[in-house]
Structures are given as C-alpha cells and as structure tokens.
Amino acid sequence: MDAQIPTLAIVGHPNAGKSSVVATLTENDRIAIDKRAGTTTRSDQYPVEIDGKTVLRFIDTPGFQNPTDILEWFQQHPSGTDLARAFLEAHQHDRLYSHDCALMKPIADGAGIILVIDGSKRIKEKDRTEMELLRLTGRPRMAIFNNLSANDKYITAWQDALNKSFNSVRAFNAHRATYAERIALLNALKAIDQRWEPMLDETVRAFERDWRRRIEQSVTSILELLRQALTFKVVKLVKTNELDSDHDRERIRHHLTESLQEGLRKLEHQTQAEIREHFKHHVWNVSPSSLLVKDLFSDEVERRLGLNRHQTVLASAAAGAATGGAIDLGVGGLSFGAGTLIGAGIGSVLGVLGTSKLAKLDIKRTLGVERFTLGPVSNPRFPFILLDRSILYSARAMNWAHGRQGADESAPNRVPDQAAKVPQGFTEALDSEDHKVLAKFFDAARKGRDCPQEPQVREIIRSILQDVSNDKIDSRAHL
Amino acid sequence: MESSLRRLASLFQGARNRKARALRWRVPDLIDFDYYVDEDERLLHEQPTQRKHLADRDRQLYKDQIAPIVGEDDAHTTKHRNRALRRWLELRREQEDPAVAELLPGQAFARAQRLVATAMGVLGFLAGIGVASTLLHYEGDYPVNVSWYLFWLVLLQLILVGSTIGLWYGRRSRLVKGATQDLSLIGQLLRPLFSRAARWIQKQRLTHVAPELRERTRARQGLVQANYALYGPASYLPVLVPAQVFGIGFNIGAILMSMALIWFVDLGFGWGSAMNVSAETIQGVVRVIALPWSWLFGEGVGVPTLQEIAGTRISLKDSLAQFNADHLRSWRWFLVLAVFTYGLLPRILLLGLSAFKQWRALAALPFTHQRAQAPYARMITPSIETRTIRAGAGTEMPIPAPFMPLTRPTSAPRPPRAPVAPASAAPPKADAAAHASPPPVAKTPAEPIEAPVAPQIPPPAKLQAKAQAPEAPTDSSQASAASEPEASIQGVSVDADACILLLHIDVADLLEDQDHHARLQQLLRAQTGWRVAAAATYGGGRAMTEQAIEMIDHATWSAPPARIALIQDGSQPPITENLRFLRLVRSAAGEQAQMLLALTGDSEDEEDPLPPLSEFDFADWLRKIEQMGDPYLRLVMLATAEDDEDR
C-alpha cells in the first residue's frame, strides 16, 4: 500500500454504519447497505481517483467479531511490536477470526483508522474494548459520531472517552451529511496525519471543482426544462363533420388539457432524472409528504411554490408579458369567466394554478378540419412553480446523503432533517429585481427567442444552488 | 539507426507542433464546433448516464493531446480557451470516419462559401463587362462621355466603399445599427444563400456515399448554422467577403472590357458641360484624381494634357470630325487607371481588411458562452471518480462450533449435593454488595412467584470486581480482580425451580438499586418460572468468563439438567464473541441443559434499565441463534412492550 496515499480503514462494530459512512463520503449508493448487521463480510476498497490517479482510499471493513480476544492478545504481547501485523499473522487461518483479520489487514498495511460509533447510545463494554485496542495499534485515528437516533445525552461521555485515544473526534451523520459536511470531514482528515495534507488538499479541490461542475450542469438542465415547458403545446386535428356539438369541443379541450399536463410532467421527470444523474444518485427515496412527490398540478404545489400573487403581478407587468394572466390574477380571476365566453377559441385549465388558466386553446378551421392547439403555457405563475420545484429537487439531490439508503426513515427517534427555517419556496424569497429578470426570461422562452437575461437567470439559479450547498440558505428540507 | 529514427520522430513531432500552433479558427470550424457541441448536448439530454463517458473522453483528449501543446498554466484565460477548443475540434474531427468527416456541416459550409464566392466573382465580372461595354458604347457620332464613365465606375464605387467603411466603423452606434438592422443585404440575402448552398452541397455529396453511411449522416443535414449572436463579427464577416469578391470581379470585368474596347475599337472620349467650366478647371480635377498614378504615368500617358482636355470638350454644335483624333483617345488610360485605382484597389483592400478583421475576430473569440463552456469544463476539470475494488467473496459471520467434549453428564440425574450454606454461596469478594443483597438461598419450590424476590438476587461477580476496579474495565486490573474463581466458587446449590443467572456486564452496569434487581427477577420468572440461585457477570474479559464458567462447573443441581439464564443487551447485534460464550456455557452446563438467553433493549432512561428490545434487533439475534443449531437454547425478549406499559 503506497504510504503517500491517505488510506483510511473505516472500522467499528457490526451495524455501526461503516458502509453508510463510506457510501456518503464516496457518493456511492451502490455499496451494499442493510439495516441488518453483518452485511459487510470483506474489506472492499474505495479509491478516490483524480484523472485515474488514486489520491485517497477508503476501506470498508467488516465489524469486530472478537474485540475482547483481540485486546487481550494485544495486551499479552510486548508493546513496540506491530500488533496489528502480528495479530494478523497469528490468526489469519482461524475461521473464527476471519472478519477480524479482514478488518485488521488494512491497519497492518498502514492505513489510518476511522472508528464509527453511534453516539446516541450508551458507551458499552465492547466500545471501550474497541477504543483501547485501536489505540494499541498506534495508527493515526479519528472517531466519528454517526448517530442513528436523535438522542444526544451520551455525547459528552463519548467525547471524554474518545479524546483519550483518538487524534480527532467529529460528528458525521452518514444519513444526513450535506456536501459542506463531507468537505469538512475530508479537511479534518488532515489533522490525523500531516503527511496526508497535500493529497487531501488536492482531493478537496477536486471535489469542489466537481461540485461546481454539477451545479452548472443542473442549471443547464433546469433552463432547458423551462425552455421546453414554455414552448410545449399539444395539437389535435378533427374533421369538422365529426364535431356535432359544443360538448364534443369540450371533450377535446379536456383531452388536450390532460395531454398538456402529461407532457409537462414528462419533461419535468426527464429533468429530474438528469439532476439525479448529475449528483450520482441511483437510489432515491423522497418522503411521501414532500412536495416533490405531489403532482405538479396539485393545489398544494401551486399553493406552496412559486411567487405569491402580488409578486407575480409585479414581475409579469415588469416583463410586459402575460398581462392578461397577470390581470386575471390581480382581480382574483373575476375576469376569467367573461374571458371564456368570448368565442370557442379560448380554453382553459380550470382548477389548477389558482384562478388563472394554464394555456390558451386555439381553434383553426381549414378545409373541413378543425385544428385544436393548447399551449404553450401562458400562466405567469407556472414557470415560477416549475423553477421552484426544480431547484427544490436539485437541493434535495445535493443534500441527499448516498448512505441514506440504510436509514430507518420510520424510526420514531431518527435523526431529524434540518428544521424548517423558511416557510416559502426558493423563488418567492428572491428580490423583485430577480423576479423581473426571471419573468423576462420566461416571456422570451415562451416566444422561442434568445433572451439577453439568460446569463442573469443562470446566475440566479446557480447562486441559489451554491448557497444551498454551503448551508448559506435553507434547503427547504420540509417542503 | 536508432538516432536517425529519433531525429525523424522529433522532426515529425516538430512538424506536428508547428501545425498545432498554426491551427486557427475559421468560420467552418465554428459551424463544426457548434455541431459537435449540439451533438454532445443532445446525447446528454437523451442519455444522462453518458455524462461520465463524455467527461472521460474530453479529459483524455485534453491530458494526452491538447495540454502538451497549449499548456495548462493559463487555463481559464481567453487565449487558452480559444486554443484548447480549437484543438478539441480538430481531434473530434480526426476521430470521425473519413467519409463522414467530408459531410460535416463545416465542410459543407466551406464549400458553399467557395461556391458562393466564385459565383459572386463571376457575376461581378459579367456585370463589370456589361456596365463597361454600355458606358463605352460608341457609334462614331459623339465621343464617349468620360464624366458618365467616371461617375458610374469610380464615383459611385467610391461612395459604396466609403459607406461600407463608414458603416463598419460606425456599426456600434445606435443610429447605424438601427438603420442597417432591417435593411442588411448581407443578413437578408447572402446568409440564406450560404445555408442553401451548403445544404445543396451536402445533399449532392450524400447521393454519392454508400447507403449505410447515408443513413448515418442524414441527420447531419440542415445543421449548417452557427449561432451568429454568439460569435459577433466572426460570424458575419465571411458573408462580407463574397461581396468584396463581387466588387473585385466587377472592376476586373470593367477594366478588362475597357482595355479590350480600347484595344480593338477606336474609341473617342470627350467631356462636356452646360456650365461655363474651363479646361483648366477640369485639368485641376483630373490632376487631383490622377495623383495616385501621375508619378508613374505622367501627362500624356496616364493624365491628359491641358490641350487634350481642351480639345475633347464636347459641344453639340461641333461635329466629331472637328476633333483631333489623338486628343479624343487621350483619356483612355486615365479612365482605366481611375477604375483600377478607385474601383479595384479599394475592393482588394476591403477584401484584405475583411479577411484581417475576420482573422482577428476569430482569434479573439472568448468562447465564454454557455454552450462552449461545457466541453471546456469537461477538458480542464480533473475527473474525480470513486472506484470499487472488491476483496473477493467474504465469509458470513463466523458461528463457533460446539466445544467438545461436553463436561457434564447429559441426562442422568445426579443426586443433589449437600445444601450449601447461604453465606457460602456468595463469592467471598462480594462482601459489600453481598451485605446489601443477600446471597441466593435454596427456596422451597412452593414459594409463590409473586413473592418479593428482590433481595434474593446475588450481586454478580462483575459487581464484585467493580468494587476493586471501577475504571478501565478492559485492563488487566479487572482481570486480576476476577481471577480467583476457585476462591469465589464454592459450589452453588441450585434448586429445581432455580437457575444460575449470567448477567452481561452492560446490563449489570445499569442495575443500580434493588428495584432494578427485583424487576429483573420478576421478568425472568415471568419468562421461565425460575428463581435465581446464583449470579455471575460476563462480557468483560477472559477472567470474568472463566469465573462464570467455574460457577456453572461447581454448581450442584437438585433437578438436572442445568438451568442457565443469560441476560444480554440485544441492541448491539450478535457477534462471534457472544456466540462463543454461549457455546462455552453449553459445554460447561451440559448438552441438554436448559439455557435461556433473554435480551434487553438499549436503556435510554435511567429509571428503566431493562427496556424491551426492538423487533428488528431481536430478529437479528434470532437468525444467529438459529444458526447455532442448539435445541436447548431459547431466545426471548426479557421485557416486552406490554411489560413496559404495565410498569
């Protein structure tokens, strides 16, 4: 094992969450994680490579199976010897110690140690045994609290016990860790062995660059979604002689409404898949109560995301776009009823997006055929809602720990997500200038034009995502 | 041989580097660049999983073939971005099938550009011939009016050239921008002409390729478009070039036609005016016009003399016969040189200027727009990946085999030993605790379960050990504290309704007062009906284990087989060490000894040291216990959720 490459063996007793820690640190949700103990039966290596060159290596180990025996064996052997190596040589053929040997091998090879403990539980005899035997190995070592429940009454006792035997002690919840917390932990690894500092600096820089790239890609995906959604329309051609009554037209309008909504949902799903891909998520379990699970056109999503009416009117008026929709919103939809009566060429999507229609229905008659076109979306609130949901989805993808698949989300005392600090979505919290810029961009996108405000829009979304990554703004985990 | 090969290789490398340094952006390159960027974006949109593939490809290209040429130190600068993306484009083209590379939209555009330029040149040439022949139309009645010739072929052209230069340099002013935006001939006419020509060329080429290739490349049709807004002058200058070529063709046509007519036709030139303009005035004007060439072709050759000017003044009353023939011919070279100087040369200069401006605009392209950022970011961003190196198939958690031989008779009942005095049942070291909790006494079987039993639980061996070594339970002091089993174990007498209790140290640590002991016994009785005859602690090292095993070894059972109850915190999953202890107990107690392993949960509440275990943790233990295959070992939860509620 190359001594220059920081190598860290993640150790602890079975079910301490070692694999979750590795999964979150390496953003690999394909590592087998099970709530049942003993899933890890071998020491798999997870090298972090920059341009194919290994700069950091994590080793996920099986849990201790015979910690008391190991400690007593260590205590019986003279200090100064390489105890991990000696133990390995003495026990490598003993089946009963197969997991302990797999765990001890990277330590014998010179790896640093990250002990994973659940600080929400009492310190038990096995914990003391493991702390002591790891101290006796003489390797650089860090302990991390990977608390599986919200109980923090034992933390002080743990801190006291760990400080005696470990170079560094940090909290790192593998099920909740954000990007900023991952970077902080990587930086903290420097404290346990100064020789690793250059490599770890390079690794952290690479992770940061890579993160910026992902944010940029996500912004591109979101802008593309907005462009596509705002130009999306559905068309149906019907022979005039097949249309007997207004009822038939109403049926077609209803059908087109459903098609339009379905098309927009599909576009959103595609973008969400892209965003998941950017942040390397293959396993994804959003809470059933999240707005991300709710239908895009549901009342709840409409109520809680996007701009409020006042903001929408101001932004739309400033952009000089969708004035009709803005007026509709401004007068609480009172004009809407009158609007629908003017000719068969005007349609609407009732009951969604408040009082204003989603898109206009256009009917053209030529050569015995009626061409029904619904769309593109003219509702001034819709793009803000779509943008808000996309940012919310990105924020969730960014802060969704890859080791979370092993979390028991139904446990009553589970570690809670961040407490809600901000009640509204992301776009509502922006200032009125940003609203105007966004409204202008949406207006241009509706017309299929290039928009001079696009760089500004890009910057607005980018800065929201960056601030979410760095915990500068609330990630709206409750939404 | 080797050195010459090396020299050859270095020469080749030098040539390559020179070629690399010479790589410049051309407009067809921009079109191909946009095409490749579009193709990558489309791929990413349709298959997001291809992100890694694209990132690897571009990073590889950069590290292996681009960075060695353009360097890495000035990354993120305009110059670096410009050069790196140009190299990237070249490498992408090189990766194409040669047959397909011919069909790239940039190539089609280049051909279209050549085609349009040639067509414009020819058109201009024909127009020049036409105009010159019209202006030099001479039937012998009147001389050719040099004023008209100069007006159409010199003055007008000068005005056009002047306005072109004026518009070019004033293009940034709002006034000029507004005036030219909608009327731009270039924008309205030439650009679509280019696109159409390029599409036509692509179509023609497609008909000549193999059918399978045709299918692959059909998608590339219609992609002849650069994003003009992004590239500024670099994108619209190329359409200025054919305009200049038209002008050059026009002037060459006019000059050649003029010369041909002069050569083959006896032309007479003259000038006239209704104003009272003197020949001297005209000579002054002519001299000014002829300034550029008069140093080379002076009066009489390139400039008519005063007499010649005076002699060619056309007056309607005069017939042609009155003019001097030499005077009439004297204007010919002046006119040709005027067209050459004021028509052809400015056009050539404008062509050169356009080409130069285009070269400069292309060289200075910042490629900061979003689309160009993507490949550049992929190139300069080090790829960061986490691999997985599997260590082969690992074995399941080791389950220890039974210890053989078993040290106890199995089923043969043994006569009970002589009752042991209660005081002697307690380990001698348990003084302090033993006084607080009387040692086990062989109770009568008739004693009801509900009877208060708390005082009957003996303090386990661990508690005794803790009296001496409360700290550092895993160090050797603890071991020595509990390392005198022969002194502490005198042979416990266990009645038919009693058992030996082995209490894990984690649980024992929590049993602080008599209430806790009473509850423990109550729960145990509810599970088994057993009282506790004696108790020992385990889980704190070999010495403690030996002490517990000694107690079993020396116990006297009034109704064999033996009865052992073990209490363990089940919130931590079972490990080999736990199972090995169970095997050890089995070995000491006998093959058919009744063993009960009762699990507790993790105590978060000091009031309740024996909380119920979660179903999930219990299932984890159950799996492992079943794997042990011990039919006389029973696994239970010491307390259930209902028990907890009852409290």
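Rule-based calculations on the coordinates, nothing more; no lab input. None of the values given here were measured: they were computed from a predicted structure. Heads up, the Cβs are rebuilt from the backbone with ideal geometry, glycines too, and the neighbour counts pull from every protein chain shown.
With all projection directions averaged, the alpha carbon convex hull of region A:1-143 covers 8.8 nm². As a size descriptor, the averaged projected area of the C-alpha convex hull of region A:48-121 was calculated at 6.9 nm². Sorted fewest first by neighbouring Cβ atoms within 10 angstrom, B:H80, B:H517, A:H402 come out as B:H80, B:H517, A:H402. Taking Cα atoms only, the orientation of helix A:125-137 departs from the longest principal axis of chain A by about 70 degrees.
Taking every alpha-carbon pair under 8 Å whose residues sit at least 6 apart, chain A reaches a relative contact order of 18 percent. Given the pairs A:K233/B:K52; A:K236/A:K266; A:K360/A:K447; A:K18/A:K121; A:K294/A:K436, which span a C-alpha to C-alpha distance of over 21 angstrom in this model? Violating the 21 Å limit, Cα to Cα: A:K233/B:K52; A:K294/A:K436. Other residues whose C-beta falls under 14 angstrom from the C-beta of A:I192 contribute a net charge of +4, scoring Lys and Arg +1 and Asp and Glu -1. Taking only the C-alpha atoms of region A:87-129, Rg followed by Dmax gives 12.9, 36 Å. Roughly what angle does helix A:382-399 make with the longest principal axis of chain A, taking Cα atoms, 0 to 90 degrees, to the nearest 10? Compared with the principal axis, the helix lies near 10 degrees. Applying both filters, DSSP loop and at most 12 other Cβ atoms within 10 Å, to the GluC sites (Glu not before Pro) of region B:562-647 gives B:E606, B:E607.
Ranked for footprinting exposure by Cβ neighbours inside 10 Å, fewest first, B:W333, B:W359 give B:W359, B:W333.
Summing charges over all other residues whose Cβ lies under 12 Å from the Cβ of A:V283, with Lys and Arg as +1 and Asp and Glu as -1, gives +2.
Using a Förster distance of 56 angstrom, determine the FRET efficiency expected from the C-beta separation of B:T49 and B:A325, and round it to 0.05. So the FRET efficiency works out to roughly 0.05. Near A:G403: Cβ cut-off under 10 Å, other residues only, Lys/Arg at +1 and Asp/Glu at -1. The net charge is +1.
Within the straight-line cut-off of under 13 Å between alpha carbons, the aspartates and glutamates reachable from B:K317 are B:D141, sequence neighbours fewer than 8 places apart in one chain being disregarded. Between region B:31-82 and region A:268-304, what is the C-alpha centre distance in whole Å? Spelled out, the Cα-based centre of one part sits 30 Å from the other.
Checking every one of the trypsin sites (Lys or Arg not before Pro) in region B:258-328 against DSSP loop status and a limit of 16 other Cβ atoms within 10 Å picks out B:K317.
Going by C-beta contacts inside 10 Å, put A:R449, A:R213 in order with the fewest on the left. Listed from fewest to most nearby Cβ atoms, that is A:R449, A:R213.
Taking amide hydrogens as placed 1.01 Å from N in the peptide plane, the amide H of A:V169 sits under 5 Å from those of A:A143, each at least 5 positions away in sequence or on another chain.
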